[in-house]
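Working notes for the structure below.
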Ligand SMILES: Cc1cc2nc3c(=O)[nH]c(=O)nc-3n(C[C@H](O)[C@H](O)[C@H](O)COP(=O)(O)O)c2cc1C
């Protein structure tokens with residue numbers, strides 16, 4: 001894949017792991033990175049909570065040198081606290097700050113943040129300017145194509161963002177009203193890329209070479225951002241790299257490889273959070289690892305009750321045979 005430059009930062013390719021709250025913690029980001037992701041994102045954190053000095057929020061931004069470059073995502077609806085939060089994030093060692101302009105969930109909308117901001121160009125402009133001016137590291141945005149189908153606000157928002165000094169826009173090509181399901185609007189995404197003065201990354205429904213290619217074929221699409229398609233399926237990064245560089249399709253990761261990732265993830269999680277918390281954290285991703293196995297629901301239930309790594313590995317051995 002082409003190497004993408006975000007401000008002064010050159011990535012090893014143009015493949016990114018999407019930010020996902022409750023999912024893209026340090027262990028999962030490291031797995032994505034060691035399997036070829038060019039850029040990984042933290043979970044989103046509240047700018048206000050950071051400014052208030054909330055320790056739990058700061059912990060979500062803990063990064064490791066081996067995952068660099070890493071982008072930290074913040075959300076908020078107020079320019080002052082977003083600027084202050086950006087300084088804190090920079091001080092914590094992030095390489096890139098990403099601003100969430102795409103989250104449609106009620107709690108975020110209530111804070112006047114996320115996708116809600118797409119309807120207020122003036123406020124977006126104020127927030128982006130405040131963040132860019134507060135830090136030296138590159139600032140990016142993650143947006144939706146629009147709030148409701150038929151309303152493509154992305155071209156205008158990207159123009160505003162570029163004018164404010166934003167270095168890249170990732171576009172989740174579903175409308176905010178769709179949540180995380182349904183087909184991405186490829187035509188609207190194409191319009192967002194056309195004439196964009198900053199690199200545009202595609203996001204939404206990328207799970208393999210075919211779903212990646214339909215975006216990469218669009219003129220002006222500079223990068224791919226993968227969310228759920230990468231959870232428990234980290235080989236997707238190297239597979240896409242090989243596909244777009246050499247035109248070859250690698251074999252899909254088989255059961256043995258996926259179980260190996262599952263086991264490693266649980267171990268990393270237990271080491272990072274300690275027991276039982278590390279195993280409890282695995283419950284959010286368990287479904288992605290076991291969904292294709294026979295008796296997936298039963299196996300998932302068992303994993304969801306484990307408190308120790310020893311119990312976890314015993315279930316792996318007894319029920320999956322690895
Ligand atoms: C569980 C979950 C948590 C998410 N959290 C965030 C988040 O913190 N910030 C963000 O910008 N998007 C978040 N998203 C949206 C993803 O980044 C991505 O845009 C979405 O999943 C579509 O990509 P996909 O179809 O490849 O999964 C989240 C999605 C999921 C499923």
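Each value in this text was obtained by applying a stated rule to the coordinates, not by laboratory testing. Bear in mind that the values here come from a model prediction, so they are computed numbers and not experimental data. Note: ideal-geometry Cβ built from the backbone for every residue, glycine included; neighbour counts use all protein chains shown.
Overview of values
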| read-out | value |
| --- | --- |
| In Å, descending, principal axis extents of the Cα set of the chain | 58, 47, 34 |
| The range 119-271: Cα Rg divided by the 2.2 N^0.38 Å rule of thumb | 1.18 |
| The chain: angle of helix 255-273 to the longest principal axis, Cα-based, in degrees nearest 10 | 70 |
| Principal semi-axes in Å for the range 1-148 [√(5λ), Cα gyration tensor, largest first] | 23, 17, 15 |
| Highest average packing first - 202-210, 256-264, Cβ atoms within 10 Å | 202-210, 256-264 |
| Packing rank of 297-303, 16-22, where each peptide gets the mean count of other beta carbons within 10 Å, highest leading | 16-22, 297-303 |
| Antiparallel bridges, percent of DSSP beta bridges restricted to the chain (to nearest 5) | 5 |
| Helix 235-246 axis, angle to the chain major axis (alpha carbon atoms, nearest 10°) | 60 |
| Distance between the range 170-246 and the range 50-77 - C-alpha centres, whole angstrom | 25 |
| Relative contact order, percent, the chain [alpha-carbon distance under 8 Å, six or more residues apart] | 14 |
| Longest to shortest principal axis, alpha-carbon extents of the range 129-202, angstrom | 38, 24, 17 |
| Crossing angle, helix 79-91 versus the chain [Cα axis fit, 0-90 degrees, rounded to tens] | 50 |
| The range 125-246, relative contact order in percent, only Cα pairs under 8 angstrom and at least six apart counted | 20 |
| The range 170-321, relative contact order [Cα under 8 Å, separation at least 6], % | 15 |
| Three-way shape label, the range 166-243, alpha-carbon gyration tensor, a/c 1.5 | oblate |
| Pairwise centroid distance, computed over Cα atoms, of the range 106-164 with the range 1-43, Å | 21 |
| Normalised per residue, the volume of the convex hull around the Cα set of the range 255-320 (Å³) | 66 |
